[in-house]
Structures are given as C-alpha cells and as structure tokens.
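Read-outs: derived from the displayed coordinates by stated rules, not from any lab. Predicted, not measured: the structure shown is a model, and the values here were computed from it. Reconstructed Cβ throughout: ideal geometry from the backbone, glycine too, with neighbour counts over all protein chains shown.
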Amino acid sequence: MEYKIGTNYNGFVLVREENIKEVNSIARIFEHEKTGARLLHMENDDTNKVFSIGFKTPPEDSTGVMHILEHSVLCGSRKFPTKEPFVELVKGSLNTFLNAMTFSDKTIYPIASQNEKDFFNLMDVYLDAVFYPNIYKTKEILMQEGWHYDLEKKEDELTYKGVVYNEMKGAFSSPEGILMRKIQETLFPDNTYSNESGGDPKYIPDLTYEQFIDTHKKYYHPSNSYIFLYGDMNLEKCLKFINEEYLADFDRKEIDAEIKPQEKYNSIKDVEYTYSISEEDDDSEKTFLALNYVTGRSTDEEVYMDLNLLEYILLVAEGAPLKKALLDAEIGKDVFGSFDGGILQPVFSIIAKNSDVSKKEEFRKVVYDTLNDIVKNGIDKKLIEGCINAFEFRLREADTGGYPKG
C-alpha cells in the first residue's frame, strides 16, 4: 500500500517516509493526532514482528522510582489482573523477545513474536500494563518490587528488602559498576544524569507511595511516549488497535521531560571515591584511574560514529596505541575504554584497572602524550581501515546475539 504524507491512518498522521536500503526497510514516522504520541514503523520482510513503547523518564532523585515502576507496571493491570503477567508470558507465549529496561533517561518495553495472534496479545498486555497498571489499587506492589521492612525474628535487626532494592545492592557491590555510576554522577552535577535511575540502595527506602504514583501519572502518558513497530506486519491493523484500544482514551498533555545540558567546566575536575573490598584482600593495585570527557551531543551522527571508532582504534583493536602505551608504562594490569552514546551528552572514558593512586599523574601524562603524538603523526591507516571494516561487517551482519533484529 502507498502511504501519503499528511494523511491520517487510524488516528496517526504520516509525517515522514524514507527508504533505508542498508537495512532493507521503509521507515515511516507517524504522530498520533489526538495525543501527540510518536510512532516509528520499519516495514520489511523480517518474520519477527517487534513492538516497543518507551517513555522519557529523567529521574529527579536516586530513589530508583523509574526502575521500580518498570517492574511494577508488569505486576497486573486492568485487563490482565493476574499477579505476574510477565512471568505468565515468559512461560506461555510464543515470544521471541520479552523484556523491559530502565536507562538513565528513558524506560522501554519491547516485545517480539513471529506469530501474529501472539504479537497482538503481547502488545495488548504491555499497553495495558503501562497505561492501566494495578499500582493504583494495590500498594503492596511497591513494597514487593521497591522496598519494605523485613524482620524474620523478633530479636533480629530490622532490614530492608525488595526486588529492586536487592538487585541494586548487588549492582553497587561491583567496582566497575560503581566506577561507571560515579563517572556519570561527577560529569553531570547540574542535570538528571547525576541521579541513579536504577536506584541507590541508600535512597530507595526514601521513596513514598505518593511519589511513586505521581511519577507514573506524570510520565506514563501517550504524549510522552515513542512507539516502535518493526517487521512484516499489517500496519493499519496495528495502528487501529493501538489507537482504538488505548491512545484514543487520552488527550494531549504538556509534559516537561526535557533534560538541561550540562554546562562546560572552566578546568578539569579531579575527584576521588572509595569502594569496599573484603578484609582478607590486599588493597594494593586495586585502584581504577579514569579520564572522562563529555563529547558533544548524541544527535551529532558524525561525531557519534567517529568516537565509537576512536574508542575501538585507541583502546580495543589489536595494537591499539593508547592501550599499548598505558600497558607498556605499567599504569595498570588492564586498560579499557567506554563510549556511552545513549545519553544526551555522550561520555568517552579511558580507564586503567588494577593500578595505584600514586600513578595518577603518570596515567594522565601518558594519555596526553600519546594523544598529542597521534594528533601530530596520525594513526596507522591499516589500523583505521581494519577497524572501519570490522564495524561495517558487524553492522551488515546485524549479529544480534540470538535476539530478533528489530
């Protein structure tokens, strides 16, 4: 079927259409006329039908409310009042993918199936969960998924428990996990990225039921959503279902979910944090040294791709010059990089593991000297070509590790 820009299709107005040959797809962007909800459709012959709905969810604190909501909305809803519909779907549906994920500034709910009836059922369960969850009538969901007091015996010490609370206690016990959280917290002191969206166990018990409900009311609205459809499917049937069963019940709403960019610093920030080790462990060579840079905006496609390549060239590829220089200088037992391009202002990190605090200035000097030498003399062309070829091969192969391509 031929679609026309500006035409309304079951409540959705087509805004843009483009043929993307690299992924053998026709991409269409729609806007829901009544609510302003955005929808991206990727039409192709992939038998895996994919649906996802996402919401901008910038955290205002580190109570983990966004993470707890992600768990909680899947604990029963208006149409599906069973206690754990997610578990029932895992056991009983024909899904090829089923999950929910909380990021630093957004929460998404993706599903996939090759069976059309199953696909629509999964879509129904997820849409009902995000818009009409049982959290409004069952306070115990917050206690179960977020936090509650726990006391097994009268003489025991009162403790906290909860699915997310326990999960984040585990996450905060990993030195690498702590490091990456502290990098983001330190680089973005003035905006939402300084908060832990997953929840800091220290602050999770500060979350009240009222805050929990207010957060859902504020962000889980079609006007703040982005819907994604991918694969070989009946588009008009999908649009009709999404509109008539859900979005048509809502009106357009102004929701402030924008993130204020972090202003540049006048000089480099030098910070130090500690993490726990067991009493039996020797604390020598347990230090992580990291140089971290905020690198423009994630919407700058060219810079984004360049930095992805640079991380691979400098710190991952065989013969990576920056990694080699740091290892040769014995700054640490291991050296690795990180490029986090999934946030408003991407972060490029150079990290030495199993080092010592006394090597901090030497670490900085080796990095600067190596980068200055690269700027002056360039990077070996064969290394660049090899890395570009590896990236291109990976993109063309679209190796998704067993998950549906969409």
Quiz item: For the range 287-397, what relative contact order do you get, as a whole percent, if you take Cα pairs closer than 8 Å and at least 6 residues apart?
Solution: 32 percent
Quiz item: lysines near LYS161 by alpha-carbon distance under 21 Å, same-chain residues fewer than 8 away left out - which ones?
Solution: LYS83, LYS139, LYS153, LYS169, LYS202
Quiz prompt | Percentage of interatomic Cα-Cα distances in the chain larger than 37 Å | solution = 33 percent
Quiz prompt | Charge dipole of the range 287-397 about the Cα centre (unit charges at C-beta), most positive-ward option of PHE393, LEU315, LEU326 | solution = LEU326
Quiz prompt | aspartates and glutamates whose Cα lies under 15 Å from that of LYS91, excluding same-chain neighbours fewer than 8 positions away | solution = ASP118
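For the chain, what is the calculated [θ] at 222 nm in deg cm²/dmol (nearest 500), taking -39500 (n - 2.57) for each run of four or more DSSP H residues and dividing by its residue count?
That comes out to -10500 deg cm²/dmol.
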Self-check item: Nonlocal amide H pairs with THR57, under 5 Å, H built at 1.01 Å
Solution: LYS106, THR107
Exercise. Evaluate the Kirkwood expression for the hydrodynamic radius of the range 1-44, namely the inverse of the mean inverse distance over all pairs of different C-alpha atoms, and round to one decimal in Å.
Key: 10.7 Å
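Suppose R0 equals 60 Å. What FRET efficiency, 1/(1 + (r/R0)^6) with r the Cβ-Cβ distance, do GLU385 and LYS217 give to the nearest 0.05?
0.70
As a test of the definition: which semi-axes, in Å, follow for the range 71-206 when you take the square root of five times each eigenvalue of its alpha carbon gyration tensor? Largest first, please.
Each semi-axis is √(5λ); the values are 30, 22, 14 Å.
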Exercise. Give me VAL375, VAL87 ranked fewest to most by other Cβ atoms within 10 Å of their Cβ, as a rough exposure proxy.
Key: VAL375, VAL87
Self-check item: Stokes-Einstein D for the range 152-292, Kirkwood Rh over Cα pairs, 25 °C, 0.890 mPa s (µm²/s)
Solution: 122 µm²/s
Self-check item: Label-point separation in nm, TYR203 to GLU22, each point 7 Å along Cα→Cβ
Solution: 3.7 nm
Quiz prompt | Kirkwood-Stokes translational diffusion coefficient of the range 287-397, alpha-carbon pairs, 25 °C, 0.890 mPa s, µm²/s | solution = 167 µm²/s
Practice problem: Can you put LEU122, LEU371 in order of Cβ neighbours within 10 angstrom, beginning with the fewest? | Solution: LEU371, LEU122
Exercise. Using Cα positions and a limit of under 26 Å, work out the lysines in reach of LYS360, with same-chain residues fewer than 8 apart set aside.
Key: LYS182, LYS264, LYS269, LYS286, LYS323, LYS324, LYS333, LYS376
Quiz item: Restricting attention to the range 318-378, which GluC sites (Glu not before Pro) occupy a DSSP loop and are surrounded by at most 14 other Cβ atoms within 10 Å?
Solution: GLU318, GLU330
Exercise. Putting +1 on Lys and Arg Cβ atoms and -1 on Asp and Glu Cβ atoms, find which of TRP147, MET305, ASN134 reaches farthest to the positive end of the dipole of the chain.
Key: ASN134
